[in-house]
1. Order of 17-27, 40-50 by packing, highest average Cβ count within 10 Å first?
2. Calculate the radius of gyration of the Cα atoms of the chain to one decimal place, then report Dmax, the largest Cα-Cα distance, as a whole number, both in Å.
3. Among Arg36, Arg28, which comes first, then next, by fewest other beta-carbon atoms within 10 Å?
Amino acid sequence: MRFYKGYGIHGTNNPSSIGYAVTNGCIRMYNKDIERLFPLVPVGTKVIITD
């Protein structure tokens, strides 16, 4: 799910990397979680990222 230019929320083939800053801006989730989330989020949904 793209939220800004090339950045997005997506699954990963390396689940042990979740929770660590190893990308340049994407948010990684477990594949099973992104599969559940995807159909719940309409196109155009506002994304707010906080720390």
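1. Details: 17-27: 11.1, 40-50: 7.4.
Result, highest mean first: 17-27, 40-50.
2. According to the Cα coordinates of the chain, Rg and Dmax are 11.1, 30 Å.
3. In increasing order of surrounding Cβ atoms, one gets Arg36, Arg28.
Read the figures in this text as sums done on the coordinates, not as results from a lab. If you're wondering where the values come from, they're calculated on a predicted model, not measured in any experiment. Virtual Cβ from ideal backbone geometry, glycine too; neighbours counted across all protein chains shown.
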